[in-house]
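Derivation of every value follows stated rules applied to the coordinates shown; laboratory data play no part. The shown structure was predicted, so the numbers you read here are calculated from the model rather than taken from an experiment. Note that we place each Cβ from the backbone using ideal geometry, even for glycine, and neighbour counts take in every protein chain shown.
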Amino acid sequence: MARHERLIAKGVVRLDLDHYPEVLVRKPRAFPGSTFLEQARSAGRFTPVHDAWWDQARKIHGERDGTRALIEVLLPGRHLPHEHVVAGRAAALRAGAMTADAVALEVRKAARSSRLWTDRLRMTPKG
């Protein structure tokens, strides 16, 4: 099931980038000029970190395979908080790890670190 913001204006279309990765993995050339990519950028869901990772992935893997790697990296964003995904992608970029597996590992590390931090705050006595 998907949730969408309510669009009030007539004829307005809102495309969600999270709905397309499986199709885009097979057709990566459709991604760069897509409406859903532009809307994701405008909404802050496709950040400068995404662009930097994508640029580096294309340098290493080539245009098609670098774009395909980026699309595979978008999948964790469906189930994890956006800030963890961005932090994981940034960590992978700093390490020069331009694969979807490396990003997924870094995203899990960011999520775990955040949970540990939250748990420590809960355990700290107030007073």
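At R0 = 30 Å, how high is the FRET efficiency between Ala43 and Ser114 if r is their beta carbon distance? Nearest 0.05 is fine. It comes to 0.85. Checking every one of the trypsin sites (Lys or Arg not before Pro) in segment 24-73 against DSSP loop status and a limit of 15 other Cβ atoms within 10 Å picks out no site at all. Need one number: nm distance between label points at His82 and Thr35, each 7 Å from Cα along Cα→Cβ, rounded to one decimal. Label at His82, label at Thr35, 2.1 nm between them.
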